[in-house]
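Q: Before I ask anything, here is the structure I am working with.
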Amino acid sequence: MTKKEIYEKANSVIGIEGMTGNERLFASGLMELFDASKKKDKYTARIILEALKFDELSIGRIVGYSTDSLKYPNPWDFPNENKNGQEGENKGTLEYTNLTEIGMGAPIGGICKLSTNELNNIIINKWCGGPAIWTRNGLKAAIPIWENNLFNGTFQKIGIVDLKKHTMTKYKKKFRVLDLRSFSGDFIIGFDSPVHRIKKLEFDYINESIEKVTEIK
């Protein structure tokens, strides 16, 4: 069954928000396909649950926390180029180079550069993860930044690129593996450690402690 067909079946269910998970699967006629996919094709199992409006935490718990069940893009697989969708003076592009695994089977990281109408391939950080996310107006981007030290091992912090101020703000708080999804008001929404012990992320970038603000030039 194609992704389009799965969504057509899911969208045909009336009153889906008030149903339990099993009721959604049964009413859509996707129960049998889901049971088979859960064992052999986690990607299809995820598509079914997404179509039936399961939340991300529930999907992870049901399908299992593994890299092949994660929604694309994710920390293990994201594009080298990330545009903000704007034109003219607000146009911005983040480009990743030299992407390699942090460890065997681990997420990837590499050099991240910013290009705008005023800036050309300026290095934001030499060890960034992904995927980065943009605000709706394309003027800010949040980027996972890899770090490593003797006491904490390898971890991530959040950096925010501001195209108007030409700054990169890095925050103090440490995370295991960031899977950023969107901006919502003053919050960055996503997940920490999407494969092991997943936690929902609601990061208040206005009030969180800042480690450093760097001018981009």
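The values are calculated or read from the model by the stated rules, or taken from the named source; none is laboratory data. Worth saying up front: this structure is predicted, and the values here are computed from it rather than measured. Please note: Cβ atoms are built from the backbone with ideal geometry, for glycine as well, and neighbour counts cover all protein chains shown.
Q: More than 18 Å from Tyr205 (Cα to Cα), without any contact (Cβ under 8 Å) to a residue 40 or more places away in the chain and in the same structural domain as Thr97 (by TED's automatic domain parsing): which single residue out of Lys126, Lys172, Lys165 fits that description?
A: Residue meeting the stated conditions: Lys126.
Q: Scan the stretch 148-173 for residues that are small (Gly, Ala, Ser) and part of a loop (DSSP other than H, G, I, E, B) and report the count.
A: Looking only at that region, the number is 0.
Q: Hey, another quick one. Identify, please: which residue in the stretch 177-188 is crowded, with 17+ Cβ neighbours inside 10 Å and in contact with a Phe, Trp or Tyr (Cβ under 7 Å, 6 or more places away or on another chain) and is, among those, modelled with the highest pLDDT?
A: Looking at the filtered set, the residue picked out is Ile188.
Q: Among Thr154, Thr116, which is touching a helix residue (DSSP H, G or I) at 6+ places or on another chain (Cβ under 9 Å), β-branched (Val, Ile, Thr) and buried (at least 16 other Cβ atoms within 10 Å of the Cβ)?
A: It is Thr116.
Q: For the stretch 6-35, which positions are closer than 11 Å to Ala51 by Cβ and either among the polar types (S, T, N, Q) or surrounded by fewer than 12 Cβ atoms within 10 Å (Cβ to Cβ) (or both)?
A: Matches in the stretch 6-35: Asn11, Ser12, Ser28.
Q: While we're on this one: For residues that are assigned to a loop (DSSP other than H, G, I, E, B) and exposed (fewer than 14 other Cβ atoms within 10 Å of the Cβ), scanning just the stretch 207-217, find the one that is modelled with the lowest pLDDT.
A: Only one residue tops the list, namely Lys217.
Conditions tested, residue by residue: (1) at negative phi; (2) among the polar types (S, T, N, Q); (3) in the same structural domain as Gly159 (by TED's automatic domain parsing).
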{"site": "Ala36", "(1), (2), (3)": "yes, no, no"}
{"site": "Thr44", "(1), (2), (3)": "yes, yes, no"}
{"site": "Ile48", "(1), (2), (3)": "yes, no, no"}
{"site": "Ser115", "(1), (2), (3)": "yes, yes, yes"}
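Q: Here's something else I'd like to know. Name every residue in the stretch 23-36 that is in a helix (DSSP H, G or I) and farther than 15 Å from Ile59 by Cβ, in order of residue number.
A: Glu23, Phe26, Ala27, Ser28, Met31, Glu32, Leu33, Asp35, Ala36
Q: Also, I was wondering about something else. Being of a type in the set (Asp, Glu) and either loosely packed, with under 15 Cβ neighbours inside 10 Å or in a loop (DSSP other than H, G, I, E, B) (or both) is the filter here, so list the residues in the stretch 78-104 that pass it.
A: Within the stretch 78-104, Glu81, Glu87, Glu89, Glu101 meet the criteria.
Q: What do you reckon, is Ile48 of a type in the set (A, V, I, L, M), surrounded by fewer than 17 Cβ atoms within 10 Å (Cβ to Cβ), touching a residue at least 40 places away in the same chain (Cβ under 8 Å) and assigned to a helix (DSSP H, G or I)?
A: Taking the combined requirement at face value, the residue does not satisfy it.
Q: Of (1) on the phi > 0 side of the Ramachandran plot; (2) under 27 Å from the mean Cα position of the chain (by Cα), Arg24 satisfies all except one. Which?
A: Checking Arg24 against (1) on the phi > 0 side of the Ramachandran plot; (2) under 27 Å from the mean Cα position of the chain (by Cα), the one that fails is (1).
Q: Search the stretch 189-206 for residues being surrounded by 16 or more Cβ atoms within 10 Å (Cβ to Cβ) and part of a loop (DSSP other than H, G, I, E, B), and hand back the single one that is modelled with the lowest pLDDT.
A: Ranking the candidates gives Pro194 first.
Q: Now for a separate question. When residues of the stretch 174-188 are filtered for being part of a strand (DSSP E or B) and either in contact with a His (Cβ under 8 Å, 6 or more places away or on another chain) or closer than 18 Å to Phe155 by Cβ (or both), how many remain?
A: Matching residues across the stretch 174-188 total 5.
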